[in-house]
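Q: Starting off with a structure, shown below.
Each value in this text was obtained by applying a stated rule to the coordinates, not by laboratory testing. All values derive from a computational prediction rather than experimental measurement. Every residue, glycine as well, gets a Cβ built from its backbone with ideal geometry; the counts of neighbours run over all protein chains shown.
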Amino acid sequence: MRLLRVPASLLLSALLLSANICRAQAIVFDDALPTAAPKSPVSLDLSGIDKMADPCSDFYQYACGNWKKANPIPADKVRWGQFDVLRDRNDYLLYLDLKSAAAAPKNALQTKYGDYFAACMNVDAANKMGVKPIQPELDAIAGIADKKQLAALDLEAGRRFQGPLLFRVEVEQDQVDASKQILATGQGGLALPDRDYYLNDDDRSKTIRTQYVEHLTKMFSLLGDSPERAAVEAADVMRIETALAKGSMGRVEMRDPVNRYHIMTVDQLQALAPDYDWKHSLDGQGLGTVPTLDVVSPGFVKAVNAVVTNEPLEAIKHYMRWRTLHFSAPMLSDAISAENFNFFQATLNGQVVQAPRWKRCTRNTDGALGEAVGQDWVKENFPPTAKANMDKLVTALNTALAEDIKALPWMSDATKVEAKAKLDAYQRKIGYPDNWRDYSSLTVKRDDAVGNSMRAVEFEWKRNLAKLGKPVDKMEWGMTPPTVNAYYSGQQVNINFPAGILQPPFYDDKMDAAVNFGAIGVVIGHEMTHGFDDQGAKFDRHGNIHNWFTKEDLAQFNERTKCVADEYSGFEVAPGQNLNGRLTLGENAADNGGIRIAFQALQESLAKDAAAGEPGYVNGKRDGFTPEQRYFLGFAQVWCENVREANARVLAKTDPHSSGEWRVKGTVENFPEFGKAFGCKVGQPMMPVKSCRVW
């Protein structure tokens, strides 16, 4: 499902590191280390059910009401749900590995990730160094004397520092020929969560912009600038980012792959941005001979060029100083890290306190060296039997989806043939890579945390560019093994389930099939359905953009996806703030498809092995629930969560996933089998007269 849709190439962009420690020293840990292991998630928490609620009126309250009461949001979180409980458990187990490797590594790989973690944990060194770690980049920016030098600096920032300041160039699969890997350049440059934060005229957006300028001013002051200069710099940054926002594609528009595909020659790209020396930049990266590249967002390229043309050089340098500081803020001194937290987490999202350093360092070590730390993690937390059982579940869901396609009432036989061919082309990756990534060329120093971060960025930059012109590696992973997530790759036509999510409450080998099918089974079905949602359906069995629907079927498909989009746009997540049904359409369609095919797979499983034969079932029930009821409860409870209102508002504008409440209620409303399982009557909220169905 890609529960948190984060491109692999961006995982390194938020590395939080510090500096300076020798192996002879004790590791300087902070005072917020865990004193005990966090609680483990429970598959089907019966105590979490609110039996005072009517499942036919509000199934989310019924399934999660008591869980929500018993699980308030921790101060260092903006939301707290079953995902977060599992993520905290995985992080803790990973932290134990990292701490052990930092103190007494057993091999070269543990030395590398142990040193990375130890450097990150040294807060004293970070405070002593202040902004010194980013001074070389700040000096390079200060040394620009002519706008013609901007491209060269951008290149240097991409290679030596935390990433390019204006344009990122990276290798991606060609959407028209998925067997090829081509260059692409996209859009970015904004620090606020979305372009709309710069452009909307509502009172809340205006207030946030005012607070953002105040934050910018404080951050420039922490660089040592005078209050007067900091205010000027902040105004310049806000003006430039607003101009970039106006030239950026919106999130809904970006969801359509056709809108992200504009093949141009380097000369055509240069003509689009004549004041940015693209040829020099590409030559400097050894890419000057590429015939074409994908310009994902031509409007953004034009917007950057307008900034370069119209803004004073000093204003552009102020923007670059801000980008440099913003990239590195979490890994610098406590004062800078705290101010960064105060705006981006506290003000924007409502978080009360910053997460303890051990959590931040654990996640960021995983982000930089995920397939190094993951090797030890899976040995301890993901036995071969778990992988084998997961493979069986995927096979069962694959069979159910094939049957679902065959029985679809709205699709013609001609299109069904193409849909089945695409399903047959699916590859599956479970748990962890077959071949681990080689980090031998990445230098990690125990006394150079910021340098570690920069070298990790450079390592990823080189690794990505090395793909150009080479065959696509469909076995490459975009998530690390401990990650609590899953994803479908439309161009590689594969489904991916890291070991981190194949734990309770999603999968528990001690639990009955009904609960497992409702939890991890729906996740599997969700990922499979992504190949047929409003984005995935645009790609054929080879991963190429190609319409494989008949004209009549495509019209039916569009009508049905519109039903889902309109339905979810009516769901409120905060006072006056509804979901964006178009932004969340793909995930909602996948949820609705996933619950249907997982239920079908469960029915086939129950037909083979009567529920009464499973341990704990008496007269067809267990704990007072039928297998079907336990299926829906298992599904709903993985989405139990509490969310801070500020974060709910941010997510409604930026997240392609619906909130937990509406992932449950919106899905069961569209699936009549839910109403049958709980004895609901047509016309009740969870069993409406009219519902939506795509797959």
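Q: If R0 is 25 Å, what FRET efficiency do you get for Glu403 and Glu552 from their C-beta distance, rounded to 0.05?
A: Result of the calculation: an efficiency of 0.65.
Q: Relative to the Cα centre, what is the charge dipole magnitude of the chain, using +1 at the beta carbon of each Lys and Arg, -1 at the beta carbon of each Asp and Glu, and rounding to the nearest 20 debye?
A: Details: 81 positive and 88 negative charges, 119 e Å.
About 580 debye.
Q: In 10 Å bins starting at zero, report the fraction of Cα pairs in the stretch 468-588 per bin as a rounded %.
A: 12, 29, 34, 22, 3, 0
Q: Also, I was wondering about something else. Between Ala36 and Tyr261, with labels modelled 7 Å along Cα→Cβ, what's the label distance in nm to one decimal, could you check?
A: Placing both labels 7 Å beyond Cα along the Cβ direction yields 5.5 nm.
Q: Note down, for the chain, the three equivalent ellipsoid semi-axes (square root of 5 times each alpha carbon gyration tensor eigenvalue), biggest first, whole angstrom. The partial results should precede the final answer.
A: Details: eigenvalues 345, 177, 128 Å².
They are 42, 30, 25 Å, listed largest first.
Q: Give, in nm to one decimal, the length gained when the segment between Val417 and Lys147 is fully stretched (0.36 nm per residue of separation minus the Cα-Cα distance).
A: Numbers: separation 270, 0.36 × 270 = 97.20 nm, distance 5.61 nm.
Stretched out fully, the Val417 to Lys147 stretch lengthens by 91.6 nm.
Q: Taking the alpha-carbon centroid of each part, what is the distance from the stretch 454-498 to the stretch 151-185 in angstrom?
A: 15 Å
Q: Same structure again: Starting from the Cα of Lys681, step 7 Å along the direction of its Cβ; do the same at Arg229; then give the gap between the two resulting points in nm.
A: Here the answer is 7.4 nm between the modelled labels.
Q: Then there's this: Whole Å is fine, so just give me how far the alpha carbon centre of the stretch 288-323 lies from that of the stretch 626-695.
A: 43 Å
Q: Rank-order 118-130, 360-372, 246-258 by packing density, defined as the average count of other C-beta atoms within 10 Å over each peptide's residues, highest first. Present the calculation step by step, with values, prior to reporting the outcome.
A: Working: 118-130: 22.1, 360-372: 25.7, 246-258: 16.2.
Highest mean packing first, the order is 360-372, 118-130, 246-258.
Q: In addition: Using just the alpha carbons, could you tell me how many Å³ per residue the convex hull of the stretch 541-591 encloses?
A: On the way: hull volume 4.5 nm³, N = 51.
Cα-based convex hull of the stretch 541-591, divided per residue, equals 89 Å³.
Q: How much length would be gained if the chain were fully extended between Asp194 and Lys608, taking 0.36 nm per residue of separation minus their Cα-Cα distance, in nm to one decimal?
A: Working: separation 414, 0.36 × 414 = 149.04 nm, distance 4.99 nm.
So the extension gain works out to 144.0 nm.
Q: Additional query: Could you state the angle between the C-alpha long axis of helix 108-121 and the longest principal axis of the C-alpha atoms of the chain, as a value from 0 to 90 degrees rounded to the nearest 10?
A: That works out to roughly 70 degrees.
Q: Continuing with the same structure: Evaluate the stretch 331-374: find the radius of gyration of its Cα atoms, find its Kirkwood radius, and give the ratio Rg to Rh. Don't skip to the answer; put the middle values down first.
A: Details: Rg = 12.4 Å, Rh = 11.6 Å.
Rg divided by Rh gives 1.07.
Q: Right, here's the next one. Work out the length of the dipole vector of the stretch 132-331 about its Cα centre, built from +1 on the beta-carbon of each Lys and Arg and -1 on the beta-carbon of each Asp and Glu, and round it to the nearest 20 debye. Don't jump to the answer; show the numbers that get you there.
A: Details: 23 positive and 29 negative charges, 50 e Å.
My answer is approximately 240 debye.
Q: Simple spin-label model, 7 Å along Cα-to-Cβ: Ala104 to Lys128 in nm?
A: Taking the simple label geometry, Ala104 and Lys128 are separated by 2.7 nm.
Q: Using Cα centres only, tell me the gap between the stretch 198-233 and the stretch 545-581 in whole Å.
A: Distance between centres, Cα-based: 38 Å.
Q: Still on this structure: What shape does the stretch 22-141 take by its C-alpha gyration tensor, where a ≥ b ≥ c are the square roots of the eigenvalues and a/c under 1.5 counts as rounded, a/b above b/c as prolate, and the rest as oblate? Please list the in-between numbers first.
A: Numbers: a/c = 3.42, a/b = 2.12, b/c = 1.61.
Prolate shape, in that a/c is at least 1.5 and a/b is the bigger ratio.
Q: What list do you get for Ser281, Ser226 if you sort them by fewest beta carbons within 10 Å?
A: Numbers: Ser281 24, Ser226 10.
Ordered from fewest to most neighbouring Cβ atoms within 10 Å, Ser281, Ser226 come out as Ser226, Ser281.
Q: Let me ask another. Could you give the length gained by full extension between Val353 and Lys206, i.e. 0.36 nm per residue of separation minus their alpha carbon distance, to one decimal place?
A: Numbers: separation 147, 0.36 × 147 = 52.92 nm, distance 2.49 nm.
Contour length minus Cα-Cα distance gives 50.4 nm.
Q: Separate question: Taking +1 at the Cβ of each Lys and Arg and -1 at the Cβ of each Asp and Glu, which of Leu313, Gly284, Ile208 sits farthest along the dipole of the stretch 132-331 towards its positive end, judged by Cα position relative to the Cα centre?
A: Towards the positive end, the residue furthest out is Ile208.
Q: Less than 14 Å Cβ to Cβ from Asn66, Lys/Arg counted +1 and Asp/Glu -1: what total charge do the surrounding residues give? Working shown, then result.
A: On the way: positive: Lys51, Lys68, Lys69; negative: Asp45, Asp50, Asp58, Glu641.
Charge balance near Asn66 sits at -1.
Q: Test of understanding: ordering Glu614, Glu380 by Cβ neighbours within 10 Å, fewest first, what list do you get? Intermediate values should be presented prior to the final figure.
A: Numbers: Glu614 14, Glu380 11.
The fewest-first ordering by Cβ neighbours comes to Glu380, Glu614.
Q: So, one more: Translational diffusion coefficient, Stokes-Einstein: compute it for the stretch 553-695 using the Kirkwood radius over C-alpha pairs as Rh, at 4 °C and 1.567 mPa s, and state it as an integer in µm² s⁻¹.
A: Numbers: Rh = 16.5 Å.
The estimated diffusion coefficient comes to 79 µm²/s.
Q: Over the alpha-carbon set of the stretch 289-398, divide Rg by the Kirkwood Rh and report the Rg/Rh ratio to two decimals. If you can, show how the numbers build up before the last one.
A: Working: Rg = 22.4 Å, Rh = 19.3 Å.
Across the stretch 289-398, the Cα-based Rg/Rh ratio is 1.16.
Q: Ordered by packing density, taken as the mean number of other Cβ atoms within 10 Å over each peptide's residues, highest first, how do 515-522, 215-222 rank?
A: On the way: 515-522: 29.6, 215-222: 20.6.
Result, highest mean first: 515-522, 215-222.
Q: Going by how many other Cβ atoms sit within 10 Å of their own, how do Val131, Val484, Val169 line up, fewest first? Don't skip to the answer; put the middle values down first.
A: On the way: Val131 17, Val484 25, Val169 22.
Fewest-to-most ranking of Val131, Val484, Val169: Val131, Val169, Val484.
Q: Still on this model: What share of Cα pairs, in percent, lie more than 16 angstrom apart in the stretch 455-522? Kindly include the intermediate steps, with their values, before the conclusion.
A: On the way: 1416 of 2278 pairs.
So the portion of pairs separated by more than 16 Å is 62 percent.
Q: Give the angle, between 0 and 90 degrees and rounded to the nearest 10, that separates the Cα long axis of helix 82-103 from the longest principal axis of the Cα atoms of the chain.
A: 50 degrees
Q: Ratio of Rg to Rh for the stretch 490-551, alpha carbon only, Kirkwood?
A: Details: Rg = 14.9 Å, Rh = 13.2 Å.
Ratio of gyration radius to Kirkwood radius for the stretch 490-551: 1.13.
Q: Once the dipole of the chain is set up with Lys and Arg at +1 and Asp and Glu at -1 on Cβ about the Cα centre, which of Pro384, Cys361, Ala273 lies farthest towards its positive end?
A: Checking the options against the dipole of the chain, the answer is Pro384.
Q: Given a Förster radius of 25 Å and the C-beta distance between Asp139 and Val213 as r, what FRET efficiency does 1/(1 + (r/R0)^6) yield to the nearest 0.05?
A: 0.45
Q: Follow-up. Place a +1 charge on the Cβ of each Lys and Arg in the stretch 359-429 and a -1 charge on the Cβ of each Asp and Glu, then give the dipole magnitude about the Cα centre in debye, rounded to the nearest 20.
A: Details: 12 positive and 10 negative charges, 42 e Å.
About 200 debye.
Q: Please tell me which of these pairs span more than 20 angstrom C-alpha to C-alpha: Lys39/Lys665; Lys302/Lys538; Lys39/Lys359?
A: Numbers: Lys39/Lys665 27 Å; Lys302/Lys538 28 Å; Lys39/Lys359 16 Å.
Distance filter (> 20 Å) returns Lys39/Lys665; Lys302/Lys538.
Q: Which of the listed residues, Thr529, Gln503, Leu468, is farthest toward the dipole's positive end in the stretch 465-536, when Lys, Arg count +1 and Asp, Glu count -1 at the beta-carbon?
A: Leu468
Q: What is the ratio of the Cα radius of gyration of the stretch 132-331 to 2.2 N^0.38 Å, with N the residue count, to two decimals? Show your work: numbers first, answer last.
A: On the way: Rg = 17.2 Å, N = 200, 2.2 N^0.38 = 16.5 Å.
Expressed relative to 2.2 N^0.38 Å, the Cα Rg reads 1.04.
Q: Per-residue ellipticity at 222 nm for the chain, helices alone: DSSP H runs ≥ 4 residues times -39500 (n - 2.57), over residue total, nearest 500 deg cm²/dmol? All intermediate terms of the calculation are to be shown ahead of the outcome.
A: Numbers: 27 runs with 345 residues, N = 695.
Taking each H run of at least 4 residues, the total per residue is -15500 deg cm²/dmol.
Q: Moving on. Per the Kirkwood treatment, what hydrodynamic radius in Å, one decimal, follows for the stretch 137-198 from the mean inverse distance over all distinct Cα pairs? Present the calculation step by step, with values, prior to reporting the outcome.
A: Numbers: mean 1/r = 0.0722 Å⁻¹.
Evaluated on the stretch 137-198, it is 13.9 Å.
Q: Moving on to the next point. Quick check: net charge around Ala421, other residues with Cβ under 14 Å of its Cβ, Lys/Arg +1 and Asp/Glu -1? Each step should come with its number before you reach the end.
A: Values: positive: Lys406, Lys416, Lys420, Lys422, Arg541; negative: Asp413, Glu418, Asp424, Asp540.
Taking every Cβ under 14 Å from that of Ala421, the sum is +1.
Q: When only Cα pairs under 8 Å and 6 or more residues apart are kept, what is the percent relative contact order across the chain? The partial results should precede the final answer.
A: On the way: 1187 pairs, mean separation 159.7, N = 695.
Relative contact order for the chain comes out at 23 percent.
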